[in-house]
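To start, the structure itself, in structure tokens.
Nothing in this text is a laboratory measurement; each read-out follows from the coordinates by a stated rule. As the structure is a prediction and not an experimental result, all values here were calculated from the model. Cβ atoms come from the backbone with ideal geometry, glycine included; neighbour counts cover every protein chain shown.
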Amino acid sequence: MSKSVLIINASPRANGHISQLLAMAREALVAEGCKVTVFAVAGAGYRHCTGCMVCRSKGDCVLPADDGQRLAALLREHDRIIVGTPCYWGNIPGLLKGLFDRVVYAMMDDNRSAWPQPLMRGKKAAVIATSTTPWPWNRLFRQTSGAVGAVKEIFRYSGIRIVGSLQKGNTHRHPGLNSHDIRTLRKLVKRLLR
Ligand SMILES: Cc1cc2nc3c(=O)[nH]c(=O)nc-3n(C[C@H](O)[C@H](O)[C@H](O)COP(=O)(O)O)c2cc1C
């Protein structure tokens, strides 16, 4: 059965490494017959979470409708997710974190018991992360691995299983994609669709 895949692009660079890798992933997914939706974080309009916690009991956000609620609906609708994120300060960019703060109510339920109940069980995800820090330091010093870890932390409580990641370092000195990146991406897409 064909899968629906949500691609979240957290890079503000339209032709950067993340955007190029996600464009390739999209192409591969479409060729596999998937329905693909791309959510561009850089173009998103949303208010920051106010921390009111009303969404936890209401199951919905009380802020006026914006791209925060739109992302929550998209996460619910799709069974596979790809997060493409540059490493910013060893983490995901603030714009993406701000959006994840807005969708907690769609991801987990901690209203009924002290232990959060995951609301996205059965979904699978892959993470693509880039950094200027070269391999192996991008992984050892929690640069791309820091960004991947941040997504893992959010998805763990949502019940979304991360099937793998592509972590590309050295983007400053060696810009552009190489054959290893492309091979890794193809394998990652295949694993995501299993
Ligand atoms: C605000 C900001 C913070 C960054 N922080 C880090 C960092 O902590 N470690 C690192 O290796 N690279 C860092 N970088 C570099 C980016 O991760 C790198 O340029 C990445 O390849 C961008 O991906 P893109 O080409 O897909 O946009 C940072 C870049 C910016 C703009």
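Local charge for residue 43 was computed over the other residues whose Cβ lies under 14 Å away, with Lys and Arg +1 and Asp and Glu -1, and equals 0. Across the stretch 1-86, the convex hull enclosing all Cα atoms gives 97 Å³ per residue.
Of the residues 91, 167, 6, the one whose Cα sits farthest towards the positive end of the charge dipole of the chain is 167 (charges of +1 on Lys and Arg Cβ, -1 on Asp and Glu Cβ, taken about the Cα centre).
Put the Cα centre of the stretch 1-32 next to the Cα centre of the stretch 36-98 and the gap is 17 Å. Shown in residue order for the stretch 160-167 are the 3J(HN,Hα) couplings computed by the Karplus curve 6.51 cos²θ - 1.76 cosθ + 1.60 at θ = phi - 60°: 8, 8, 8, 8, x, 9, 10, 10 Hz (x for Gly and Pro). Mean residue ellipticity at 222 nm, helices only, the chain: -11500 deg cm²/dmol; runs of at least 4 DSSP H residues each add -39,500 (n - 2.57), and the sum is divided by the number of residues. The share of Cα pairs per 5 Å bin across the chain, counted from zero up to the longest distance, runs 1, 8, 17, 20, 21, 16, 10, 5, 2, 0, 0 percent. In this structure, the amide hydrogen of residue 36, modeled 1.01 Å from its nitrogen in the peptide plane, lies closer than 5 angstrom to those of 5, counting only residues at least 5 positions away or on a different chain. Taking amide H as placed 1.01 Å from N in the peptide plane, residue 162 has its amide H under 5 Å from the amide H of 125, each at least 5 places away in sequence or on another chain.
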